[in-house]
Amino acid sequence: MTQDVEMKDYTAPSNSVSSPGPSTLHQLKEIASLIETGTHTKEMRRIVRAIRLTMALRRKLKVQVLSGFLDFVLLLGSEAHSRLSAYLPKEDEHDMEIDTATSTDEARVKHLVPELEIYCYLLVLLFLIDQKKCNEAKACSSASIARIKNLNRRTVDVLASKLYLYYSYSYELTGDLAEIRGNLLGLHRIATLRHDELGQETLLNLLLRNYLHYNLYDQAEKLRSKAPRFEAHSNQQFCRYLFYLGKIRTIQLEYTDAKDSLLQAARKAPVAARGFRIQCNKWAILVRLLLGEIPERTVFMQKGMEKALRPYFELTNAVRVGDLELFRSVAEKFANTFSTDRVHNLIVRLRHNVIRTGLRNISISYSRISLADVASKLRLDSTNPVADAESIVAKAINDGAIDATLDHSNGWMVSKETGDIYATIEPQIAFNSRIAFCLNMHNEAVRALRYPPNVQKEKESAEKRRERLQQEQELAKHIAEEEEEDDF
């Protein structure tokens, strides 16, 4: 029995290693052909499709597959081939000989377009990041950025935007984001001069992330306000921009604008980007609580988010009830979670909203109540709770949060009778905001429409018509699969 088990353990890895290798290498060669075709025809969608296919193969990348692909694409002994091969771990000589032999038999003519060289950098960088080789990933990403600076080709822009992303991510893994801030600013300036709009929006998001990582909100806002504006080219980058904008607006106490940005980012994000959508919902929940709104229960019950949003659900319940003691216990219970999410300062701001909500409930329940009872019900733990309750009630009346009067001589809070809310303009304001939201969503959907090229051709042959239909099908497939891209 022991021998049978050993034989199974011995033979299984050899099959698993040998069978997927050639198929993955063959798919990479097809992707290289797609990139080469897109370069010659200057069709950006082919290069975008190549990147999307690469992300699907990301988990299948092995050392021997990458070595064979580098031998297929790059000239043996060239500077790029030597540099990229040095980043890969050394494999057994027998395996390397097999891969080299198969690659040299299949590849007799080397492709020297710069796009394929940049694509090789991207493949090696993805492999190093997945293998947790952070120092090698930093070196590889820095070398790729130095190579990109010398290329001013529109067909490189899509590949360069991906390399910018992983360049910043490799330094973030080691906690060295501050080191590349100057390089990112220089790259953003170069992209602006070259009219590389995709690179501009990618680098702008990376710079905003860099500043926000170190809580430099003022510098992030100055950069955002002075950066050139244009129509978004990537849905993922636009979602990231909205998320960072929402965080900046939240810190600046502009809660209404922050709420719109965060909700729009969560709505536009792909379904597969669950982590990004969770972060958007966390900040949106806190912003709505700071605005005095109570999020619906369905927000916390979204598929795959129940566990992550559980602390915010209990926090929302404490704010809704207006119980200051319950709010303190929830804040202490999930203090580590709130610190990890970097929202502790927003939790501190919520204390005032909890007190105001409790005071509103008291004013509705009692027509007249003493300030001492108000302090007791609010559970104020100060040295002079009656004086604090008096100042809190006076401020709430002044702000219009409650409709009451303060009797200083007797120490009472006298609530006025609640009138008919439909006799005021509040329903009109609510309906107006909902209508404006629907109209804005409709306008955004119209602006996001995509049309196939050459739709106004008068006459076309049967062959050109078949080619056009095939292109339309590929474009429709690209639009459908774009939502499933999970590089958030």
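Overall, the accessible surface of region 280-429 at a probe of 1.4 angstrom is composed of carbon and sulfur to the extent of 51 percent. FRET efficiency for the R368 to E254 pair, using the beta carbon distance and R₀ = 56 Å, is estimated at 0.90. The slack in the chain from I435 to R351, taken as 0.36 nm per residue of separation less the alpha-carbon distance, amounts to 27.0 nm. Near the amide H of V343, within less than 5 Å, lie no amide hydrogens of residues on another chain or at least 5 residues away, with H placed in the peptide plane.
Among 135-141, 372-378, 337-343, 200-206, the peptide with the highest mean count of other Cβ atoms within 10 Å heads the list, and the full ranking is 200-206, 135-141, 372-378, 337-343. Electrostatic bookkeeping for L187 treats Lys and Arg as +1 and Asp and Glu as -1; over the other residues with beta carbon under 15 Å from its beta carbon, the sum is +2. Annotation: lysines with alpha-carbon distance below 16 angstrom to K149 (same-chain offsets under eight excluded): K162.
Where Lys and Arg each count +1 and Asp and Glu each count -1, what net charge lies around A80 among other residues with Cβ under 10 Å from its Cβ? Neighbourhood net charge equals 0. Suppose R0 equals 25 Å. What FRET efficiency, 1/(1 + (r/R0)^6) with r the Cβ-Cβ distance, do K477 and D130 give to the nearest 0.05? With a Förster radius of 25 Å, E is 0.40. Karplus-based coupling profile of region 375-387, in residue order and whole Hz: 5, 5, 5, 7, 6, 6, 10, 8, 6, 10, x, 5, 5, with θ = phi - 60° in 6.51 cos²θ - 1.76 cosθ + 1.60 and x standing for Gly or Pro. Amide H to amide H, with H built 1.01 Å from N, A404 comes under 5 Å of K416, counting only residues 5 or more places away or on other chains. Other residues with beta-carbon under 15 Å from the beta-carbon of E325 carry, at +1 per Lys or Arg and -1 per Asp or Glu, a net charge of +2. Accessible-area rank, largest first, for L75, L207: L75, L207, with all protein chains present and a 1.4 angstrom probe.
Rolling a 1.4 Å probe over the protein heavy atoms leaves V446 with an accessible area of roughly 80 Å². Converting phi to 3J(HN,Hα) with the Karplus coefficients 6.51, -1.76 and 1.60 and the offset θ = phi - 60°, region 285-291 yields 4, 5, 5, 5, 5, 5, 7 Hz in sequence order, with x at every glycine or proline.
Peptides 358-371, 157-170, 212-225 ordered by packing proxy, namely the average of other Cβ atoms within 10 Å per residue, highest first: 157-170, 358-371, 212-225. Once both labels are positioned 7 Å from their Cα atoms along Cα-to-Cβ, the gap between M44 and L75 label points is 3.1 nm. Based on the Cβ-Cβ distance of K464 and S142, what FRET efficiency does E = 1/(1 + (r/R0)^6) give at R0 = 45 Å, to the nearest 0.05? Working from the Cβ atoms, E equals 0.45. Remark on region 300-410: Rg and Dmax equal 16.0, 56 Å (Cα only). Here's how it looks for L88: its modeled amide H is under 5 Å from none belonging to a residue 5 or more places away or on a different chain. Quick check: from the Cα gyration tensor, does region 290-332 come out rounded (a/c under 1.5), prolate or oblate? Oblate, since a/c reaches 1.5 and b/c is not below a/b.
My understanding is that a pair violates if its Cα-Cα distance is over 22 Å; which of K62/K132; K259/K377; K133/K268 do that in this structure? In this structure, K259/K377; K133/K268 exceed 22 Å between Cα atoms. The peptide list 261-274, 296-309, put in order of mean Cβ contacts within 10 Å with the highest first, becomes 261-274, 296-309.
Scalar couplings 3J(HN,Hα) for region 355-362, obtained by applying the Karplus form with A = 6.51, B = -1.76, C = 1.60 to θ = phi - 60°, are 5, 5, 5, x, 5, 5, 5, 5 Hz; x denotes Gly and Pro.
The values are calculated or read from the model by the stated rules, or taken from the named source; none is laboratory data. Keep in mind that what you see is a predicted model, and the values were worked out from it rather than measured. So basically every Cβ, Gly included, is an ideal-geometry build from the backbone, and we count neighbours across all protein chains shown. Remember, those area values only see protein heavy atoms, side chains included, never the ligands or the DNA or RNA. Shrake-Rupley method; radii C 1.70, N 1.55, O 1.52, S 1.80 Å.
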